[in-house]
1. Under a 5 Å amide H to amide H cut-off, with H placed in plane at 1.01 Å, what residues pair with Leu132 once short-range neighbours are removed?
2. Remind me, relative contact order of the chain in percent, using alpha carbon pairs under 8 angstrom and six or more residues apart?
3. In which sequence would Thr139, Thr121 go, from the one with the fewest C-beta neighbours within 10 Å to the one with the most?
4. Taking 7 Å along the Cα-to-C-beta vector as the label spot, tell me the Ile195-Trp222 distance in nanometres, rounded to one decimal.
5. Could you point to the label whose value was computed as Cα extents along the principal axes in Å for the structure here, given [x] 60, 52, 46; [y] 72, 53, 26; [z] 61, 40, 35?
6. What's the lysine pair count for the chain at a Cα cut-off below 14 Å, pairs eight or more apart or interchain?
7. How about the stretch 111-145: which trypsin sites (Lys or Arg not before Pro) there are in a DSSP loop, with at most 16 other Cβ atoms within 10 Å of their Cβ?
8. Rounded to the nearest 500, what is the chain's calculated 222 nm mean residue ellipticity when only DSSP H runs of at least 4 contribute -39500 (n - 2.57) each, over all residues?
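Only the coordinates and a few stated rules stand behind these numbers; no lab work does. This one's a predicted model, so the numbers in the text were calculated from it and none came from an experiment. As a convention, Cβ positions derive from the backbone with ideal geometry for all residues, glycine included, and neighbour counts pool all protein chains shown.
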Amino acid sequence: MIINKNGLITTVAYQLGLDGKVCYALEGSGSIGGNAIRFLSDNLQFINHVSEVEPAAASVSGTDGVIFVPCFTGLYTPHWDSTARGIICGLVQTTKKEHIIRAVLEAICFQTEEMIEAICTDMPYNQKIKALKVDGGITVNSLFLRLLSDILGIDVIKSPNAEASSWGAAMVAAIGAQIISFNEIGKYHVEDGIIQKPNLSNDQRELMIRRWKKGISRARGWLQDD
C-alpha cells in the first residue's frame with residue numbers, strides 16, 4: 001500500500017471483469033493542457049491553427065526568461081490551490097509572441113514534472129522513473145517531446161498510436177465484456193515509437209524548474225483578500 005502525501009489522486013486503474021480484482025493507482029491532475037494551446041489562438045490570437053505552434057516555438061532558442069503559468073481555474077496536483085490564477089511573468093522589451101508560445105509548451109512540461117516528482121516521492125524508497133511513455137494529440141509536436149524530455153531529465157517514448165490511452169481502455173473493456181481474453185492482449189500490443197533523450201545539463205534543467213516555481217509562487221493565492 002502507498003499512502004498519498006503529495007497531492008495526488010487515488011483512482012481505479014482497472015478491473016478485469018465484474019469479479020476481477022480491483023487495481024488502484026495514483027494519478028496527477030493538471031489544470032491546463034490542450035486548453036492552453038487553444039488560449040493562444042482563441043484568446044491571444046497568436047496563432048490561427050494548432051499546427052503553427054511548433055514552428056513558432058522552434059523559431060526562438062528559448063523563452064527569453066518568460067514563464068507562463070496557465071492555471072485559469074486554479075492549480076491542481078500537487079498544489080491544489082483554487083485561488084491561483086494564470087500569469088505571464090518575466091516579460092522584457094524584447095519579448096515576442098514566439099517566446100510566449102514556447103513558454104506555454106514548457107508549462108505543460110513543468111506540470112508533468114511536478115506530477116512525476118510527487119509520484120516518485122510517494123513511492124517506497126523515493127524511486128525514480130527512467131522513462132515516460134506518452135500519447136495524445138500534442139505528441140505530434142516534436143519540439144514538445146524534446147522540451148518534455150529535457151525538463152524531466154529522462155527518456156520520453158512516443159507511442160506510434162496517438163490514441164493509445166483510448167486503445168488501452170477499449171482493450172480492458174473488451175476483456176470485461178469477454179470479447180477477448182486476457183491472454184489475447186499480446187497480439188494487439190502497440191510497439192514503442194520514437195525515443196526522445198534529454199539534452200540539457202542538470203544545472204540548466206534545475207534553473208528552468210526554479211524559475212517555474214517562482215512563477216507558481218506568484219500565481220498562488222491570487223484571489224485571496226490582501
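1. Amide H neighbours of Leu132, under 5 Å, 5+ apart: Asp155, Val156, Ile157.
2. Numbers: 352 pairs, mean separation 50.5, N = 226.
With pairs under 8 Å counted, the relative contact order is 22 percent.
3. Final ranking by Cβ density, sparse to dense: Thr121, Thr139.
4. It works out to 4.0 nm between the two label points.
5. Checked against the structure: label [z].
6. Working: Lys130/Lys197; Lys133/Lys158; Lys133/Lys197; Lys158/Lys197.
Close lysine pairs found across the chain: 4.
7. Numbers: sites: Lys128, Lys130, Lys133; in loops: Lys128, Lys130.
Within the stretch 111-145, the qualifying trypsin sites (Lys or Arg not before Pro) (loop, at most 16 other Cβ atoms within 10 Å) are Lys128, Lys130.
8. The helix contribution divided over the chain gives -11000 deg cm²/dmol.
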